[in-house]
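Visitor: Questions regarding the structure given below will be posed in turn.
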Amino acid sequence: MRFPCLLPCSAAVLSLAAPLGSRAADTPRYLDTSLSVEARIDDLIPRLTLDEKVGLVHANGLFRSGGVERLGIPYLWTDDGPQGVREEVGLTSWTPLMRTDDFATALPPGLTLAATWDPELAQACGKVIGEEACIRGKNVILGPGINIIRTPLCGRNYDYYGEDPWLSGRIAVGYIKGMQGEQTVACVKHFALNNQETERGFVDVDVGERALREIYLPAFEASIKEGGAMAIMAAYNRFRGDFCAQNDELLDVILKGEWGFKGGVISDWGGTHDTKLAVTHGLDLEMGSRGKFEDFHMAKAFRDGVLNGTYPMALLDDKVRRDLRMLFASGAIDGRKPGSLNTPAHLKVAEQIAEEGIVLLKNDGGLLPIDTTKVHSVAVIGEDAVRKFAAGAGSAGVKAFREVTSLEGIIARAAKTMNITYSEGYRQPEVHFAAKADIAGVRKMEVIEASPEEAQALSDRAVEAAKASDMVIFVGGLMHRARADDEGSDREDLSLPAHQAELIARIEAANPRTVVVLIAGSPVEMGQWLPSTPSVLQAWYGGSEAGTALAGILFGDVSPSGKLPCSFPKSMADTPTGQGGARAYPGVDHVVHYDEGLLVGYRWYDTKKIEPLFPFGFGLSYTTFAYSNLVATSTGPASATVTCDIRNSGSRAATEVVQLYIHDGHASVERPEKELKGFTRVTLAPGETRTVSLDLNARSFAFYSPEKHAWSVEPGSFSILVGSSSRDIRATTDLSIAAAATVN
Ligand code: BGC
């Protein structure tokens, strides 16, 4: 296949389209900005040759497709990813180009963002990435990643928005709006059911209709219907036998049919397997990195099929229209905003996300915030304290313009007032892959670990440092480099690598005034050391200003307000996937059975009455909050407004995330014990009280009826539960709901 335009940059083509104001009367209608985009596309499609059309529906570079130079239609440039604009790689090679102009702001990953429970901040996050995408010439950003956390072992959990569909949906909608407001198309991924990395390329997901509709799809649905996302990425895995990129039920029936999606369905890279199925089951743009571009399923084979009448031209035209919509939406044809890169304002957003996302898991004895008038020396211990994380973890990695480590943040904040020492303590294993694959296509993996003697010496030195200081800040956790929180693989268990649990126990014996900070995008086991640890912070991965944000929390410049977006189990044995055996995870004979159905995350722990280590929605503060006057007022047959007074009953200004769950005690079908249906952040000065208000609609009370193929509300009394976490309900009331005529 001949590619219509081989210029490396859309700028050359853009210049054809730039001086619109001065166009003469014979300006083609597709360049007339006074017309609607649809009218312009109506004019443009008939002008395209078959080759040009086919050129728009498959890649002609790792992150590039389309381009029709003779008509002034630029390439469509996509790029990862959810945490910031990825560094430049070759047109056909993944090798980084080592440029100096592709450093970007590293926004904290998805789970950190979700831990803020702050959709407005998610919008600011999307805006930052959108602005950076503009200046970097990217039309589509491959994010947000919104797959539900089903197993704590999934390597990509750190990149997603947690275990709850409502929270995930709110964060996603904010992010998408912020990004698309900057003429950058958001590509929501991975649609759908990519809930594990093990066998992600082919595992077939067997999930019931209710779990599909109530757990795994709502965040995607909100992204399309409310967020207006113009692109969606089909997942690698299979669903009910068909790969997601060629899945009629997901793409045609649900996404385009029921939800009215008008944008483009993009395959995950190399996730297309069959021309006929891809072409006829809803895929609009095939991307990937395998083979020659003309050999793509939606390249020559598609063109030949149109020519010999296998595929109607209208089918191709619909895909072209959707891909052109992405180009128009990103300003590619009419000119884009200039954008901006690495500005102080961008870094501030990164810092705010990191700060709001940090979760205080435990604080017995008031070790935090650190009192600089009493603490004169601190030993910072742990390899994670000096590592940077933005560049790791596969496609979501960002070449950070700036990344402040935990140690740097602590030094910048406190070195003037106290003596700070550092000790490495442990060394995580480093995983390397051979550059070349063997004859079977497998790249040899080599794991480099500290020898037992080295490990002992590191541990001994850390214990000495702990003894010599007033207090210890132990910074441990996981590391992408050690293949934890990483694309393409799941963890084997929940343990902290490199014998950190033993080390923490030794350090605490040497100095009980120890704060543990966890840098990890997933839960880890804590049983061995938690009972004797006074203070624990879950700091996730924090992006460009990770260390700055951490120091602000440690030293009390701001009170923690993050809440867990996923449950932390005590052990794998307590989790639904842990109890379900191999068929539940990672699957048997390449099929994974979601036997737990609706009972994902806290829905499982609450319904099965299993106590998690830390529950969904949990997070302490340096102050306390009192809840009172909960009132639920009907506003229609199946809608209500819920109000509650929140008072800061402590002595520090702080923010609380007020959470609203419903409990359906009268359902004729299985319902989880409780389900999140609303939340809001409220910032209060000491002693201040505010009334928060949350709206519920018919969907808040509904379950999906597979028999009716529709959402259904059963009339009766629902419990309204308002609290500080899913297991810290502070006020309850009942609300009578009538059947809803329609539920959207
Ligand atoms: C990932 C996607 C990513 C794409 C392009 C795939 O391996 O699953 O999330 O956007 O690569 O880098």
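Nothing in this text is a laboratory measurement; each read-out follows from the coordinates by a stated rule. Being a predicted model, the structure only gives us computed values, none of them experimental. Every residue, glycine among them, receives a Cβ derived from its backbone with ideal geometry; neighbour counts consider all protein chains shown.
Visitor: How long is the gain from residue 742 to residue 634 if the chain were fully straight, where each residue apart is worth 0.36 nm and the alpha carbon distance is subtracted?
Guide: 37.2 nm
Visitor: With the contact rule set at Cα under 8 Å and sequence spacing of 6 or more, what percent relative contact order holds for the stretch 497-643?
Guide: Details: 166 pairs, mean separation 27.2, N = 147.
Relative contact order for the stretch 497-643 comes out at 19 percent.
Visitor: Rounded to the nearest 20 Debye, what is the dipole magnitude of the chain about its Cα centre when Lys and Arg each give +1 and Asp and Glu each give -1 at the C-beta? Intermediate results must be reported in sequence, preceding the final value.
Guide: Values: 74 positive and 94 negative charges, 240 e Å.
Computed charge dipole of the chain: roughly 1160 debye.
Visitor: Out of 648, 201, 510, whose Cα points farthest toward the positive end of the dipole of the chain (charges: +1 Lys, Arg; -1 Asp, Glu; placed on Cβ)?
Guide: With unit charges placed on the Cβ atoms, the residue in question is 648.
Visitor: Here is a further query. Quick one: what are the phi-derived ³J(HN,Hα) couplings along the stretch 87-100, Karplus 6.51/-1.76/1.60 with θ = phi - 60°, whole Hz, x for glycine and proline?
Guide: Values, residue by residue: 5, 6, 10, x, 5, 10, 9, 6, 5, x, 7, 6, 7, 9 Hz.
Visitor: Kindly provide the Kirkwood hydrodynamic radius of the stretch 633-723 in Å, to one decimal, from all pairs of distinct alpha carbon atoms. Intermediate values should be presented prior to the final figure.
Guide: Numbers: mean 1/r = 0.0682 Å⁻¹.
Every distinct Cα pair counted, the radius reaches 14.7 Å.
Visitor: Arranged by the count of other C-beta atoms within 10 angstrom, fewest first, what order do 540, 77 take?
Guide: Values: 540 31, 77 22.
With the sparsest Cβ surroundings first, the list reads 77, 540.
Visitor: Continuing with this model, one more query. In nm, to one decimal, how far is the modelled label at residue 643 from the one at residue 377, with both set 7 Å along Cα→Cβ?
Guide: Each label point lies 7 Å from its Cα, and together they span 5.7 nm.
Visitor: What per residue convex hull volume, in Å³, comes out for the stretch 466-609 when only alpha-carbon positions are used? Could the numbers behind the result be given before it?
Guide: Details: hull volume 20.6 nm³, N = 144.
About 143 Å³ per residue, rounded to a whole number.
Visitor: Where does each of 108-121, 707-720 land if you order them by average Cβ count within 10 Å, highest first?
Guide: Values: 108-121: 27.9, 707-720: 16.2.
Packing proxy ranking, top to bottom: 108-121, 707-720.
Visitor: Let me ask something additional. What is the spin-label model distance, in nm, from residue 464 to residue 209 if the labels are put 7 Å beyond Cα along the C-beta direction?
Guide: Each label point lies 7 Å from its Cα, and together they span 6.8 nm.
Visitor: Right, next: With a cut-off of 8 Å between alpha carbons and a minimum separation of six or more residues, what is the relative contact order of the stretch 513-572 in percent? Working shown, then result.
Guide: On the way: 47 pairs, mean separation 23.3, N = 60.
39 percent.
Visitor: Determine the alpha carbon to alpha carbon distance for each of 563/609; 225/276; 677/708; 570/609; 388/570; 348/570 and list only those over 25 Å. Before the final figure, lay out each step's value.
Guide: Details: 563/609 21 Å; 225/276 28 Å; 677/708 23 Å; 570/609 13 Å; 388/570 28 Å; 348/570 35 Å.
Too far apart for the 25 Å limit: 225/276; 388/570; 348/570.
Visitor: On to the next question. Can you tell me the relative contact order of the stretch 568-691? Whole percent, Cα pairs under 8 Å, sequence separation 6 or more.
Guide: On the way: 198 pairs, mean separation 26.2, N = 124.
So the answer I get is 21 percent.
Visitor: Calculated from DSSP H runs of 4 or more alone, at -39500 (n - 2.57) each and per residue, what is the 222 nm mean residue ellipticity of the chain, nearest 500?
Guide: Values: 19 runs with 179 residues, N = 744.
Value at 222 nm, helices only, nearest 500: -7000 deg cm²/dmol.
Visitor: What is the diffusion coefficient of the chain in µm²/s, taking the Kirkwood radius over Cα pairs and the Stokes-Einstein relation at 20 °C with a viscosity of 1.002 mPa s?
Guide: On the way: Rh = 26.8 Å.
Estimated diffusion coefficient is 80 µm²/s.
Visitor: While we're on this one: For the stretch 291-329, which trypsin sites (Lys or Arg not before Pro) are in a loop by DSSP, counting at most 16 other Cβ atoms within 10 Å?
Guide: On the way: sites: 292, 300, 303, 319, 321, 322, 325; in loops: 292.
Loop-located and lightly packed - 292.
Visitor: For the ranges 544-556, 28-40, what's the packing order if you count other beta-carbon atoms within 10 Å of each residue, average per peptide, and put the highest first? Don't jump to the answer; show the numbers that get you there.
Guide: On the way: 544-556: 25.3, 28-40: 14.8.
The most tightly packed comes first, giving 544-556, 28-40.
Visitor: Separate question: Would you mind telling me the antiparallel percentage of the DSSP bridges in the chain, rounded to 5?
Guide: Numbers: 66 of 105 bridges.
Given both bridge residues lie in the chain, the antiparallel proportion sits at roughly 65 percent.
Visitor: Tell me which of 110, 89, 125 sits at the most positive position along the dipole axis of the stretch 85-140, charges placed on C-beta atoms (Lys, Arg +1; Asp, Glu -1).
Guide: It is 89.
Visitor: Another question, then. Mind ordering 491-501, 665-675, 645-655 by average Cβ neighbours within 10 Å, highest first? Working shown, then result.
Guide: Working: 491-501: 19.5, 665-675: 16.3, 645-655: 17.8.
Final packing ranking: 491-501, 645-655, 665-675.
Visitor: Same structure again: Percentage of Cα-Cα pair distances in the stretch 185-227 greater than 14 Å, rounded to whole percent?
Guide: Values: 486 of 903 pairs.
Summing the P(r) tail past 14 Å for the stretch 185-227 gives 54 percent.
Visitor: Here's a follow-up. Rounded to the nearest 20 debye, what is the charge dipole size of the stretch 357-409 about its Cα centre when +1 sits on each Lys and Arg Cβ and -1 on each Asp and Glu Cβ?
Guide: On the way: 6 positive and 6 negative charges, 36 e Å.
With Lys and Arg at +1 and Asp and Glu at -1, about 180 debye.
Visitor: Further question on the same structure: Could you work out how much longer the chain between residue 685 and residue 345 gets when fully extended? Use 0.36 nm per residue separation minus the Cα distance between them, nm to one decimal. All intermediate terms of the calculation are to be shown ahead of the outcome.
Guide: Values: separation 340, 0.36 × 340 = 122.40 nm, distance 2.57 nm.
Between residue 685 and residue 345, full extension yields an extra 119.8 nm.
Visitor: Taking Cα atoms, how many degrees apart are the long axis of helix 452-467 and the longest axis of the chain, rounded to 10 and kept between 0 and 90?
Guide: So the inclination is approximately 60 degrees.
Visitor: Still on this structure: Rounded to whole Å, give me the distance from the Cα center of the stretch 307-361 to that of the stretch 98-168.
Guide: Cα centroid to Cα centroid, the span is 12 Å.
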